[in-house]
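Step one of this worksheet: look at the structure below.
Any read-out appearing in this document is the output of simple, stated calculations on the displayed coordinates, not a laboratory observation. Source: prediction; values computed, not measured. Cβ placement follows ideal geometry from the backbone for every residue including glycine, while neighbour counts extend to all protein chains displayed.
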């Protein structure tokens, strides 16, 4: 509220302008968030059940229902469909009221809404079909990436032009976070999705190996930071005070929270790559800035919780406040744990385990989920001019959701601790106690069952909410246009001379946007430029050669099936890992990997040395049988059956284009090799087919050599073999 007498006097002298707020766009995004939230969580429950019952229900042997294809669908649905629509719902509602102006363009709003839903539908179709770039949280292929860019520009244009025509001179803290979100997500999305298309359904990343890993986790961490966090902090700063009917606790704390958060967050991505082949200086930067994040993150959490001072009696009875309190608390918990997990000694145990899964879901289920639910319960009665249908049902939803979070996260923490410690345990003779990776998997089944139960309870709460909101809307009348009035901004406005310095910035949204852009670019430039420009950061290995055409096709199948979701390809320099897998990974091994395949979770063993010579090397026949019937070969395995690989013929129609794109990316295939690639592919395929079953007739062996499974085996047998080979003269 403005307290400057001279300004107040000037405002009072102005005529009020009548206008209306658009609730239709807000309603549409709210409904979309609810529908996609239910769908995304349902897919998540199916994925969780696959760990408990891998051989049951519809998913066994059906390609588009396999874990590797459904897991990216689950993450994309929850992040970009559920949370994304929730962001737009909250932004479009709050922005209009904070600046006292209708959105700049109803048409742009409609394009944004329907364009975003079309993108979600495209993801819903393409990901189960295996059309993926394999980059975590950025799996969608290049045509969809372009669509996302265009729709994001539409969103930003509508938001910025609304700020230009605003009637409220002061830009409230929530809008600072909206602006920073828009520009940062744009930068992250464009840089991480730089790729060269092979055709409409396939592309290769512009970056390779270590450089690709750095870019991906610069994006991956900050997708969490600037899509799942900063816009929701903006919503927190608007809806928590509104629901509590209290002012924000501290204006100055919000300033520190905002600028410190957006500057520090962007540096933290390398903490996802500790103990990897990434240069150590970059890892250290990620760790240092991650630990620094505790201060602004907890500053924001405290600002949110202390805003509720004086309203704690209502928290006991008001389900909206209950959801908001737990959401902000979950934000504080996850933003404390994240920096702790970036400490190398902790990360050495937690990385690749279910500990990370637990950590992520405290944020998504608690922070994003509960804040969205609280906003929905607050918004629906407002927009339909009624009361919530059933407070009791909303309270039941709250307790179901809370219990669901507990039953999800605690077993996953337990599973993570179990994995990390079992992987590292040695006996008195200095030998690995659990040499067989499956011994560490079978111990986790009870925890996975409890996780599925927790997810079921959480989803049951969502179903209750959907019914409650439908009945709430049915009991009222929707206000398509909400009447409002406010004076226009004065053209002859004189800036006060004695005011806090930041107030001047808050009157200039374009300056705020420019300053935020500079702040978020600094960290990215400092981390990436040396990694890309200084050759010593990615030393080459003479014996590492490009993939053969058959291995390249096999690698694309590996990406299509989402194998990176369960298998890493990065052996860290720990004795426990070198004893289990072999020589630790080096940067030069991955120079031809477009994109990299280091992974972030080990549900199955690391595959970086799967094809390396030695007594543990498996035969082509073993891989064939393991891919078709994994539990018959490895009792207790949770791996899906990939029987369709043995049935489907390998499509080599794009092989020539793939080789040419790789050459464009700098992979040193000989000039004109694209014309010879098919012959080399067929020759290698016949050798592998003969190795799988030498007793086959010539016709059957020819048929086998043309299947996808042969290409997959070729790729698996190549992994790690290069560093043991003699360099080609």
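Tabulated data
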quantity: Scaled radius of gyration (Cα, divided by 2.2 N^0.38 Å) that the range 309-387 gives; calculated: 1.42
quantity: Over the chain: helical MRE at 222 nm, DSSP H runs n ≥ 4 each giving -39500 (n - 2.57), nearest 500; calculated: -19500 deg cm²/dmol
quantity: Ordering of 469-478, 695-704, 561-570 by packing [mean C-beta count within 10 Å, highest first]; calculated: 561-570, 469-478, 695-704
quantity: FRET efficiency for residue 505 and residue 529, using Cβ-Cβ distance with R0 set to 41 Å, rounded to 0.05; calculated: 0.90
quantity: Ascending count of other beta-carbon atoms within 10 Å, so fewest first, for 367, 259; calculated: 259, 367
quantity: C-alpha center-to-center spacing [the range 475-536, the range 350-402] in angstrom; calculated: 28 Å
quantity: Compactness relative to 2.2 N^0.38 Å, alpha carbon Rg of the range 98-188; calculated: 1.28
quantity: Nearest 10 degrees, 0 to 90: helix 84-99 Cα axis against the chain principal axis; calculated: 20 degrees
quantity: Largest-first principal axis extents, alpha carbons of the range 159-202, Å; calculated: 49, 18, 11
quantity: Mean projection area, nm², convex hull over Cα of the range 374-426; calculated: 4.5 nm²
quantity: Ranked list, fewest to most other Cβ atoms within 10 Å of each Cβ, for 429, 680, 212; calculated: 429, 680, 212
quantity: Calculated log₁₀ intensity ratio I(q)/I(0) where the Debye formula runs over C-alpha points of the chain, q = 0.08, 0.10 Å⁻¹; calculated: -0.66, -1.00
quantity: Calculated diffusion of the range 345-456, Stokes-Einstein form, Kirkwood radius summed over Cα pairs, 37 °C and 0.692 mPa s, µm²/s; calculated: 200 µm²/s
quantity: At 1.567 mPa s and 4 °C, Stokes diffusion of the range 473-619 via Kirkwood alpha-carbon radius, µm² per second; calculated: 59 µm²/s
quantity: Whole-Å distance, taken between Cα centres, linking the range 663-726 and the range 631-661; calculated: 13 Å
quantity: Distance cut-off 27 Å, percentage of C-alpha pairs in the range 549-724 lying past it; calculated: 27 percent
quantity: Nearest 10 degrees, 0 to 90: helix 280-292 Cα axis against the chain principal axis; calculated: 30 degrees
quantity: The range 207-313, Rg to Rh (Cα coordinates; Rh as Kirkwood inverse mean 1/r); calculated: 1.11
quantity: Debye log10 I(q)/I(0) for the range 253-373, one point scatterer per Cα, at q = 0.09, 0.13 Å⁻¹; calculated: -0.29, -0.57
quantity: Helix 67-76 axis, angle to the chain major axis (alpha carbon atoms, nearest 10°); calculated: 20 degrees
quantity: Burial ordering of 373, 426, fewest other beta-carbon atoms within 10 Å first; calculated: 426, 373
